[in-house]
Amino acid sequence: MSQHWLPKRPTLTVNAPLVDQQPPETRTQRRRLRACHECDWVSALPPLKSGEKASCPRCSHVLVKRNRYPAQRSMALAIASLVALLLAVSYPFVSFSYSGVSNRIELSETASTLIAFHQPVVAIGVIMTIVVLPAVYLLGTLWLQFGLLRNDPLPFSRSTARSLSHLTPWMMADVFIIGALVSLIKVAGLADIELGLSFWAYCAFAILLLMTIQSIDADWMWFALEGEPLAPEGTQTGMSAAAQQLTSCPTCGLVNRLSPSGKQHCVRCHERLHPRLPHSVQRTWALLTAATVMYIPANIYPIMTTTSLGNSSPSTIVGGIVELIQGGSWPIAAVIFVASIIVPVGKLFAMAWLCSVVNRSHALNAQTRTRLYRITEFIGRWSMVDVFVVAILVALIRADSLMTINPGPAALAFGSVVVLTMLAAMTFDPRLLWDAPKTQDDEAPPIRT
């Protein structure tokens with residue numbers, strides 16, 4: 001091997017925290033194997049330097065992304081994020097003035113006001129996704145990284161690390177900011193809007209939270225927490241893990257041998273293991289069907305009702321888009337149209353098509369279908385923009401008899417569509433797209449002579 005390919009020697013001392021010493025690849029005398037979560041291909045991780053990543057050679061899914069000073073970086077960003085969140089919930093978020101009547105709201109009122117209108121489920125969803133779950137995630141990150149910096153992981157670190165990966169899709173601070181901007185633009189022509197300190201603090205929080213998520217080096221974190229047991233004997237690269245009775249842990253990435261009983265947990269993080277997600281296609285179909293059913297009332301019933309000078313005007317999702325177009329707000333209408341119509345409908349059709357072609361997949365088209373799956377999984381959460389718009393407007397526009405906005409029954413229905421489609425994408429196992437279709441010979445029982 002030429003000197004060009006040798007990993008650089010670490011500049012940190014041997015007394016540095018375990019997580020900041022040499023990367024895992026240079027601390028072991030063996031190859032570290034991974035089975036791709038999206039195509040099940042077994043490959044060996046190369047030595048990685050800071051800023052580098054290793055991708056699956058079969059489907060290009062990122063297996064590992066290496067960061068410099070992962071513990072310190074994640075801890076610093078988590079602290080900054082918590083400070084920004086504390087400021088966001090402590091000061092006024094936004095205020096408006098209309099015909100001499102003014103109102104000022106705090107961030108928490110976007111959820112608490114919905115409870116007063118008998119929308120507790122929507123209120124819980126809003127406060128959980130924009131405040132509670134992000135705060136739990138950041139506190140868990142601090143708990144983990146502090147223990148790693150001490151070279152002595154704190155209690156429950158393994159359970160905390162497992163929980164972080166499950167929380168990530170449900171944190172929607174960035175989506176809430178888009179919803180806030182859409183809301184403010186919608187009422188800017190009717191009233192005077194003033195942004196409070198909380199608004200700018202929450203914008204900073206959304207950015208810092210995203211940076212915190214990206215800064216976590218999960219591969220290095222699990223190696224520092226629990227080490228890395230040897231890969232099962234006889235594991236071969238360049239072929240499917242399922243063909244070798246192996247599977248990759250969906251949380252820590254460790255390659256495990258599957259037991260004949262089928263009930264097994266990862267030897268490192270204790271996550272439940274399956275060769276393929278049980279009844280993946282059936283569960284995905286069920287969730288898609290439920291989402292389709294909920295999408296009908298989400299469009300038929302009003303998502304909010306505007307009352308001005310005693311006259312009530314209910315507005316559906318499509319009706320609100322038409323009103324924005326008639327008022328000349330083409331950019332906002334386009335955002336709502338994409339988030340509330342294109343994204344959920346496109347995701348329903350895309351996931352339904354993927355479920356229908358699973359048994360007819362082969363390597364030639366699996367790459368394209370996997371890309372489609374990644375897109376549908378990524379865009380699903382952005383449909384929550386419309387729900388956040390309703391939550392903000394209901395809390396903000398409270399001008400007595402002059403103008404008020406009340407939430408409609410479509411808010412709960414549309415929020416259910418978003419959650420159900422997200423669960424459908426999580427339930428679908430993309431590795432099925434790469435499995436060879438079963439033939440009648442494969443399914444027929446053996447003939448005994």
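The values are calculated or read from the model by the stated rules, or taken from the named source; none is laboratory data. The shown structure was predicted, so the numbers you read here are calculated from the model rather than taken from an experiment. All Cβ positions, glycine included, derive from the backbone under ideal geometry; neighbour counts span all protein chains shown. The area values use the complete protein model at the heavy-atom level, side chains included, leaving out ligands, DNA and RNA. Shrake-Rupley method; radii C 1.70, N 1.55, O 1.52, S 1.80 Å.
What is the distance in Å between the Cα centroid of the range 213-230 and that of the range 295-330?
With the range 213-230 and the range 295-330 each reduced to a Cα centre, they are spaced 48 Å.
What order do Glu228, Glu194 take when sorted by accessible area (1.4 Å probe), most exposed first?
Details: Glu228 25, Glu194 120 Å².
Descending accessible area places them as Glu194, Glu228.
Taking every eigenvalue of the Cα gyration tensor of the range 265-351, multiplying by 5 and rooting it, what semi-axes result, largest first, whole Å?
Numbers: eigenvalues 319, 44, 37 Å².
Square roots of five times the eigenvalues give 40, 15, 14 Å.
Give me Rg over Rh for the range 90-136, both radii from the alpha carbons and Rh done the Kirkwood way, two decimal places. Before the final figure, lay out the partial values.
Working: Rg = 12.6 Å, Rh = 11.8 Å.
On the Cα set of the range 90-136, Rg over Rh gives 1.07.
For the range 195-302, state what percent of all Cα-Cα pairs lands in each successive 5 Å bin, counting from 0 Å until the bin that includes the largest distance.
Per 5 Å bin, starting at 0, the Cα pair percentages come out as 2, 9, 12, 12, 11, 10, 13, 11, 9, 6, 3, 1, 0.
State to the nearest 20 debye the size of the charge dipole of the range 149-270 about its Cα centre, where the only charges are +1 on K and R beta carbons and -1 on D and E beta carbons. List each step's numbers first, then the result.
Working: 7 positive and 9 negative charges, 86 e Å.
Computed about the Cα centre, the dipole is about 420 debye.
Using the 4.7 Å Cβ rule, please list in number order the cysteines from the chain without any candidate partner.
When partners are defined as cysteine Cβ atoms under 4.7 Å apart, the chain leaves Cys203, Cys355 without one.
Please compute the Kirkwood hydrodynamic radius of the chain from all pairs of different C-alpha atoms, in Å with one decimal. Don't skip to the end; give the middle numbers.
Numbers: mean 1/r = 0.0410 Å⁻¹.
Across the chain, the inverse of the average 1/r is 24.4 Å.
If each residue of separation counts as 0.36 nm, what is the full-extension length gain between Ala334 and Val62 once their alpha-carbon separation is subtracted?
Numbers: separation 272, 0.36 × 272 = 97.92 nm, distance 3.20 nm.
Full-extension gain reported as 94.7 nm.
Using a 1.4 angstrom probe with every protein chain in place, what is the largest-first accessible-area order of Leu210, Leu164?
If we order Leu210, Leu164 from most to least accessible, we get Leu210, Leu164.
Ordering Val335, Val126 by accessible area with a probe of 1.4 Å, largest first, what comes out?
Largest accessible area first, the residues go Val335, Val126.
May I ask which residue of Ala218, Leu181, Ala206 lies farthest towards the positive end of the charge dipole of the range 150-218, with charges of +1 (Lys, Arg) and -1 (Asp, Glu) on Cβ and the Cα centre as origin?
Ala218
For the chain, build the charge dipole from Cβ charges (+1 Lys, Arg; -1 Asp, Glu) around the Cα centre, then report which of Ser60, Thr168, Gly238 sits farthest towards its positive end.
The listed residue farthest towards the positive side: Gly238.
Ignoring ligands and nucleic acids, what accessible area does Met426 show with a 1.4 Å probe (Å², nearest 10)?
Per-residue accessible area (Met426): approximately 70 Å².
Return the single residue from Val343, Val101, Val267 with maximal mean-square fluctuation; model: Gaussian network over the chain, springs between Cα atoms under 10 Å.
Result: Val101 has the largest fluctuation of those listed.
Taking the Cα centre as origin and putting +1 on Lys and Arg beta-carbons and -1 on Asp and Glu beta-carbons, what dipole magnitude results for the chain, to the nearest 20 debye? The partial results should precede the final answer.
Numbers: 35 positive and 26 negative charges, 302 e Å.
Result for the chain is approximately 1440 debye, rounded to the nearest 20.
Averaged per residue, what accessible surface does the chain expose to a 1.4 Å probe, in Å²? Please list the in-between numbers first.
Numbers: 21780 Å² over 449 residues.
Spelled out: the 1.4 Å probe surface of the chain, per residue, equals 49 Å².
With viscosity set to 0.890 mPa s and temperature to 25 °C, compute the Stokes-Einstein D of the range 60-193, Rh being the Kirkwood radius across alpha carbon pairs; µm²/s, no decimals.
On the way: Rh = 17.5 Å.
Result for D is 141 µm²/s.
Please report, ordered by residue number, every helix of the chain (full DSSP H runs) that is 20 Å or longer along its axis going by C-alpha atoms and whose mean Kyte-Doolittle hydropathy reaches -0.5. Display every interim value, and only then the final one.
Details: long enough: 70-90 (30 Å, 1.55); 133-149 (24 Å, 1.56); 173-188 (22 Å, 2.08); 197-215 (27 Å, 1.66); 280-300 (31 Å, 0.76); 343-357 (21 Å, 1.56); 363-379 (25 Å, -0.26); 410-427 (25 Å, 2.06).
Helix filter hits for the chain: 70-90, 133-149, 173-188, 197-215, 280-300, 343-357, 363-379, 410-427.
Would you tell me the accessible area of Ile300, worked out with a 1.4 angstrom probe on the heavy atoms of the protein chains, in Å² to the nearest 10?
110 Å²
How much of Met128 can a 1.4 Å solvent probe reach, expressed as accessible area in Å² and rounded to 10?
Surface accessible to solvent at Met128 totals approximately 70 Å².
With n ≥ 4 as the cut-off for DSSP H runs, can you work out [θ] at 222 nm for the chain, using -39500 (n - 2.57) per run divided by the number of residues, rounded to the nearest 500? Mind showing how you got there, number by number?
Numbers: 16 runs with 214 residues, N = 449.
Calculated from helices alone, the mean residue ellipticity at 222 nm is -15000 deg cm²/dmol.
Counting only protein heavy atoms and a 1.4 Å probe, tell me what percentage of the range 128-204's accessible area is made up of carbon and sulfur.
On the way: 2270 of 3310 Å².
Result for the range 128-204: 69 percent of the exposed heavy-atom area is carbon or sulfur.
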